[in-house]
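This report refers to the structure that appears directly beneath it.
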Amino acid sequence: MRPTHYRLLFVSLLSFLIVVMATCYALPGEARVLKRGMRGSDVSSLQEMLADLGYDVMVDGVFGSETENLIKEIQEALGLVADGIVGQQTTAMLRELQDGVFHHTVQRGDNLTKLANRYDTTVSNISNYNGLQNPDRLLPGQVLYIPTGSMAVLSRSLNTKLSMQWPVKGRISSGYGYRIHPVLKTRHFHGGIDIAVAEGTPISAAASGKVIKVGNLGNYGLAVVLEHAGGITTWYGHNSKVTVRLGESVKQGQIIAMSGRSGLATGPHLDFRIKIGDQTVDPLEWLP
Ligand SMILES: [Zn+2]
């Protein structure tokens, strides 16, 4: 090759490199679209966000079928295309869920009652938050900010209104959400509420259903799990005795176990959980 050819080759390579680098760095804030099979810190961030929202998800930076199924479930609940792919729209919705404030673009046929139902809030809540002068008149394209509890949105969207009653009365020694584990001393998500009661206190079914699990569930101790309508399950952990059998149908209020401190517990209490599918919800939002 002649020197001019070398120069040409060098210039071409340099231009190519500049284009590649420009593509990589021009949009530093632009997130990549996440889908099944991907790995990386952005996948970890997504999983952390899901964990924040109350899902039992492993934060391992791998977008596997578990993560994909959760995304589909959320997309479906929010009226998005349930393709399991996390693009701009899904990310925005997840952020809003996390913040507890949705922004909704008014569609033809929307009214405040409909929106209040959809987002599990009240007409006056939406009206006040947006300072609406004339709440009866919404214009298509108008953007409304809707304050709401994230879990309430999801449970509402999943069409489950099941009436529950307290499985036992007692002091709530630990609530739902992040906490420092009393035994392990590490920060983790507590997927239920702990109700402190004396050993041997009768525990009753929060709603009518079928016994789908009975036995020792590791840290959760001697447990009973009931399945109810709408894919809802209720979980009762740390018991000293179980008084129902697998497959048995139980009525709301029926005694299913005696409290205790089996599994990883510092004292006798009931760890009560409610799940919709794989997702835990705050029992206090469901109990009267
Ligand atoms: Zn607990």
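Computed quantities for the displayed model
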{"read-out": "Of the criteria (1) surrounded by 15 or more Cβ atoms within 10 Å (Cβ to Cβ); (2) at pLDDT below 85; (3) closer than 24 Å to Pro135 by Cβ, which one His103 fails", "value": "(1)"}
{"read-out": "Strands (runs of 3 or more DSSP E) wholly inside the range 247-288 that include at least 1 residues being of a type in the set (S, T, N, Q)", "value": "279-281"}
{"read-out": "Unmet requirement for Ala206, which otherwise passes all of (1) outside any strand (DSSP E or B); (2) surrounded by fewer than 21 Cβ atoms within 10 Å (Cβ to Cβ); (3) among the hydrophobic types (A, V, I, L, M, F, W, C); (4) within 16 Å of the ligand (Cβ to nearest atom)", "value": "(2)"}
{"read-out": "Count of residues meeting criterion [under 22 Å from Glu199 (Cβ atoms) and either of a type in the set (A, V, I, L, M) or open to solvent by 10 Å² or more (accessible area, probe 1.4 Å) (or both)] in the range 267-288", "value": "5"}
{"read-out": "Conditions (1) closer than 21 Å to Met58 by Cβ; (2) at pLDDT 95 or above; (3) among the charged types (D, E, K, R): number failed by Arg179", "value": "(2)"}
{"read-out": "Number of positions in the range 112-148 that are more than 21 Å from Met93 (Cα to Cα), open to solvent by less than 50 Å² (accessible area, probe 1.4 Å) and of a type in the set (A, V, I, L, M, F, W, C)", "value": "2"}
{"read-out": "The one condition in (1) more than 30 Å from Ile71 (Cβ to Cβ); (2) in contact with a Ser or Thr (Cβ under 6 Å, 6 or more places away or on another chain); (3) open to solvent by 40 Å² or more (accessible area, probe 1.4 Å) that Leu264 fails to fulfil", "value": "(2)"}
{"read-out": "Near pairs, Cβ below 6 angstrom, 6+ apart or cross-chain, from the range 212-226 (without any contact (Cβ under 8 Å) to a residue 24 or more places away in the chain) to any residue that is among the aromatic types (Phe, Trp, Tyr) and open to solvent by 20 Å² or more (accessible area, probe 1.4 Å)", "value": "Val225/Trp235"}
{"read-out": "Criterion: over 22 Å from the mean Cα position of the chain (by Cα), at pLDDT 95 or above and within 12 Å of the ligand (Cβ to nearest atom) - qualifying residue of Gly215, Gly221", "value": "Gly221"}
{"read-out": "The range 187-203 - residue that is under 16 Å from Ile274 (Cα atoms) and assigned to a loop (DSSP other than H, G, I, E, B) and, of those, farthest from the ligand (Cβ to nearest atom)", "value": "Gly191"}
{"read-out": "Filter result (under 16 Å from Ser173 (Cβ atoms) and open to solvent by 50 Å² or more (accessible area, probe 1.4 Å)) within the range 235-261", "value": "Arg261"}
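The values are calculated or read from the model by the stated rules, or taken from the named source; none is laboratory data. What you are looking at is a predicted structure, and each value in this text was computed from that prediction instead of being measured. Positions of Cβ are backbone-derived with ideal geometry, glycine not excepted, and every protein chain shown enters the neighbour counts. With ligands, DNA and RNA removed, areas are computed over all heavy atoms of the protein, side chains included. Shrake-Rupley method; radii C 1.70, N 1.55, O 1.52, S 1.80 Å.
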